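Heads up, the thing below is written out as structure tokens.
The values are calculated or read from the model by the stated rules, or taken from the named source; none is laboratory data. All figures in this text were calculated on a predicted structure; none of them were measured in a lab. Cβ placement follows ideal geometry from the backbone for every residue including glycine, while neighbour counts extend to all protein chains displayed. Surface accessibility is based on the protein's heavy atoms, side chains included, excluding ligands, DNA and RNA. Shrake-Rupley method; radii C 1.70, N 1.55, O 1.52, S 1.80 Å.
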Amino acid sequence: MSVVDELQATIADMVDGRRGILAADESTGTIAKRFEAVGVESTEESHRAYRSMLLSTGGLGDYVSGVILFEETLGQTDDTGTPIPQLAAGANIVPGIKVDKGKGPLAGAPGDMITYGLDGLAERLDGYRAQGARFAKWREVYPVSPGNPTRLGLTANAEMLARYAAVCQSRGVVPIVEPEVMMDGDHDIERDAEVNECVWHEVFHALHRHGVILELMLLKPSMVTPGSECVSRSSGGAPPEQVAEYTLRSLRRTVPAAVPSINFLSGGQGPEEATANLNALNQLWHAPWQLSFSYGRALQEPALKAWEGRAENAATAQAALLKRARFNHLAMRGEYSEGLERE
Ligand code: 5MM
């Protein structure tokens, strides 16, 4: 199979109009924070037990077409000795891998961040492919303030995303391009729309310059919302219809229709909020792309709380995960309603 055939086959397996992506690629520090919140010790073994429990959920593949794994997980096995990437593939869920190496301050642009990990990426991708990964994910993070992101922040982060995506495609690995505009801050929804538009515009300009084939990548953006400390949020936040209108308006202005799917991150939205917003997005007419999810916290939170690190809680945790996955699948068709939460 040629590299392009491989990329096309992966896109076809992941984009089917009814399923989204489970982000289970928390790095060691992030998973420790999530585990601490529910009183679970963070060790390689507890990560393995938790993530293999999630991927053993019966029926998950009906609603989830891909899972983003952390490097550590790619080499781990479930309780029966099956490698976790194979466990996912057996459930009709394409395994993928987070390939960025975390972030730090961007020199020359106070307040902006930049992500590391391009050195040796091509060789690392060959190794991940051999372990079963068919797609990759790289996140650039954009804090919002009156002066951020700076012009340098916009161009440098876009360049990183484009260089990463081009390397992935050259190795037959579908890139998920994730520019995360942070929700932290007191900015309003207009400012968030302005920032996201600048970010997406710059990202697609860079993707074009680097010759990335838009049909063979996925975009994982933030939704356009007010900042988490914005007055309108403390009084209940923006209604889903408003989030949907702003998000779609900004996407239409900046994201080419050639991109097959937009899989939003949840970025600190609650599970029900993230589902309601996705539902509202899919109730608006004429989006040229599939509008789907690639949630971490918004899919996992209820399952993690139910699990608490105990094997005897696995069935309850899996039911909680399946419920969120199913509701987000319904949201992809605009068929979710808040009433379902009380079923
Ligand atoms: C923004 O985070 C991504 C989506 O998760 P949420 O839906 O919870 O916002 C997520 O894939 C993230 O990139 C990974 O968890 C890795 O994060 P860290 O901070 O560990 O690199």
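Values as computed for the structure displayed
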item: Built amide H within the under 5 Å cut-off of V64, gap 5+; result: G20
item: Simple label model, 7 Å out from Cα along Cβ direction - E335 to R253, nm; result: 3.4 nm
item: Gain in span if fully extended, V3 to E197, counting 0.36 nm per residue against the direct Cα distance; result: 66.7 nm
item: Carbon and sulfur %, accessible surface of the chain computed with the full protein complex present, 1.4 Å; result: 51 percent
item: Inter-site label distance for L284 and E215 at 7 Å from Cα along Cβ, in nm; result: 2.7 nm
item: Exposure of S266 as accessible area (Å², to 10), given a probe of 1.4 Å and all protein chains; result: 10 Å²
item: Surface per residue (accessible, 1.4 Å probe) for the stretch 57-168, Å²; result: 38 Å²
item: Shape of the stretch 57-155, Cα gyration tensor, a/c cut at 1.5; result: prolate
item: Stokes-Einstein translational diffusion, the chain - Kirkwood Rh over all Cα pairs, 0.890 mPa s, 25 °C, in µm²/s; result: 122 µm²/s
item: Globularity index of the stretch 129-208, i.e. its alpha-carbon radius of gyration over 2.2 N^0.38 Å; result: 1.22
item: In Å², nearest 10: area of R34 left accessible to a 1.4 Å probe; result: 70 Å²
item: Cα-projected label distance for R310 with D186, points at 7 Å along beta-carbon direction, nm; result: 4.3 nm
item: Karplus 3J(HN,Hα) series, Hz, for the stretch 103-111 with 6.51 cos²θ - 1.76 cosθ + 1.60 (x for Gly, Pro); result: 10, x, x, 8, 4, x, 9, x, x
item: 222 nm mean residue ellipticity, helices alone, for the chain (DSSP H n ≥ 4; -39,500 (n - 2.57); rounded to 500); result: -14500 deg cm²/dmol
item: Given K220/K305; K103/K220; K137/K305; K101/K220; K33/K305; K33/K220, the pairs whose alpha carbons are separated by over 21 Å; result: K220/K305; K137/K305; K33/K220
